[in-house]
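Student: Dropping a structure here in structure tokens format, bear with me for questions.
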Amino acid sequence: MTTHFTDKVAVVTGAGSGIGRALSVELARRGAKLAICDVDMHGLAETEALVRGIGGDAKADHLDVSQRELVLAYADDVAAHFGKVNMVFNNAGIAFTGNVEEMSFKDIDRVMDVDFWGVVSGTKAFLPHLVASGDGHIVNISSVFGLFAVPTQSAYNAAKFAVRGFTEALRQEMVNNKRPVKVTCVHPGGIKTNIARNGEQVEGRDHDKLASSFDKMARTSPEKAAQVILKGVEKNKARVLIGGDAWVLDKFVRVSGPGYQRIIAAFSRRNGL
Ligand code: NAP
């Protein structure tokens, strides 16, 4: 059966786990040719095996998205390997927990380097190839934390708000400049992945407690997230929200305006977050 994704060349960063893995498998199932990358080579090999297990084609490479020169070289390598690139899912991301007063500049830089600059590099590196394909799509993964802020997530919030601004401006530019590249920004709510367990925090915060609070709040499976993202891509949505929590929180923040901060601060205080 031919799908929207059949024979399209799709790049997925952070494909070794969670949403990136589920996206890779679902894209393969729908007939896309895949370039998958991650810093976690063990996780990436598992994803590659899953893709090949369903008869998919995958070029798997180590890539740290925070290394701009490597991302630029990777984009050329993928384009040379497949002869074209149609879709890029800038998905790789990390979590970090701590108050502004507790975090070092290094902690903040690390989050921005991966979660914001990784997306910028992936977008800029692949954009000429996507334009050349005549049928391109950039999908940047922000978060509900790109729609509202919460205590202890200032760096992650900053990166995800920035991804949203960057992506929304790019979409408008592609339309105004009549470029053959669609652009979608994705805002997942809590997705059951290893992001919190893989994440870091300032000294004195309990890693296991943070990870288990996240596990309790994350309701949507990565497989469901991948399906929602690909539906949004098919429909060329500007914004994709994932999960009931994302829909409710988005509405709540829009209705309460800046007043949401008082309510979220109280909720966080009460729950020791
Ligand atoms: P995940 O399960 O931790 O997967 C992320 C993958 O990215 C991991 O394999 C990770 O490797 C990799 N990665 C980390 N730093 C990288 C780098 N510099 N270069 C390349 N790969 C790197 O997390 P996920 O939940 O699927 O997250 C995917 C995206 O969704 C992220 O952008 C995240 O911010 C966003 N998101 C997630 C949620 C959620 O609830 N899960 C909600 C909103 C938004 P390591 O394991 O070695 O770190």
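The values are calculated or read from the model by the stated rules, or taken from the named source; none is laboratory data. Since the model is a prediction, treat every value here as computed from it, not as a measurement. All Cβ positions, glycine included, derive from the backbone under ideal geometry; neighbour counts span all protein chains shown. Side chains included, ligands, DNA and RNA excluded: accessible areas come from the protein's heavy atoms. Shrake-Rupley method; radii C 1.70, N 1.55, O 1.52, S 1.80 Å.
Student: Show me the GluC sites (Glu not before Pro) within the range 20-102 that DSSP assigns to loop and that have at most 12 other Cβ atoms within 10 Å of their Cβ.
Tutor: Details: sites: E26, E46, E48, E69, E101, E102; in loops: E101, E102.
Qualifying residues, ordered by number: E101.
Student: Amide H of D57: which non-local residues (sequence gap of 5 or more, or other chain) have their own amide H closer than 5 Å, using H built in the peptide plane?
Tutor: Counting only residues 5 or more places away or on other chains, the set is L34.
Student: Another question, if that's okay. Could you pull the Rg and Dmax for the chain, using just the Cα atoms, both in Å?
Tutor: 18.1, 55
Student: Please determine, in degrees from 0 to 90 and to the nearest 10, the orientation of helix 41-53 with respect to the longest principal axis defined by the Cα atoms of the chain, where the helix direction is its Cα long axis.
Tutor: Tilt of helix 41-53: around 50 degrees.
Student: Can you send over the carbon and sulfur percentage of the accessible area for the chain, probe radius 1.4 Å, protein chains only?
Tutor: The C+S portion of the solvent-accessible surface of the chain is 54 percent.
Student: Express the accessible area of the range 1-146 per residue in Å², computed with a 1.4 Å probe while the remaining protein chains stay in the model.
Tutor: Averaged over the residues of the range 1-146, the accessible area is 41 Å².
Student: List the residues, sorted by chain then number, that are 5 or more residues from V240 or on another chain and whose placed amide H is less than 5 Å from its amide H.
Tutor: The list, which skips near neighbours in sequence, is C185, V186, H187.
Student: Also: For the modelled label position 7 Å from the Cα of D77 along Cα-to-Cβ, which residues of the range 41-55 have backbone nitrogen atoms closer than 14 Å?
Tutor: 41
Student: Report, in deg cm²/dmol and to the nearest 500, the calculated mean residue ellipticity at 222 nm for the chain, where each DSSP H run with n ≥ 4 adds -39500 (n - 2.57) and the sum is divided by the residue count.
Tutor: -16000 deg cm²/dmol
Student: Pop the C-beta distance of S221 and E101 into the FRET formula with R0 = 30 Å and round what comes out to the nearest 0.05.
Tutor: Working: r = 36 Å, r/R0 = 1.20.
Efficiency computed from Cβ-Cβ geometry: 0.25.
Student: Describe numerically, in nm with one decimal, the distance between label points set 7 Å from Cα along Cα→Cβ at K59 and at A238.
Tutor: 3.4
Student: In addition: Once you compute Rg and the Kirkwood Rh from C-alpha atoms, what is the Rg to Rh ratio for the range 174-273?
Tutor: 1.06
Student: Continuing with this model, one more query. Among residues other than F145 whose Cβ falls under 15 Å from its Cβ, what is the net charge (Lys/Arg +1, Asp/Glu -1)?
Tutor: 0
Student: Then there's this: Please arrange D245, D215, D208 by accessible surface area, largest first, computed with a 1.4 Å probe and ligands excluded.
Tutor: Most to least solvent-accessible, the answer reads D208, D215, D245.
Student: From Cα pairs below 8 angstrom and at least 6 apart in sequence, can you work out the relative contact order of the chain, rounded to a whole percent?
Tutor: The value is 18 percent.
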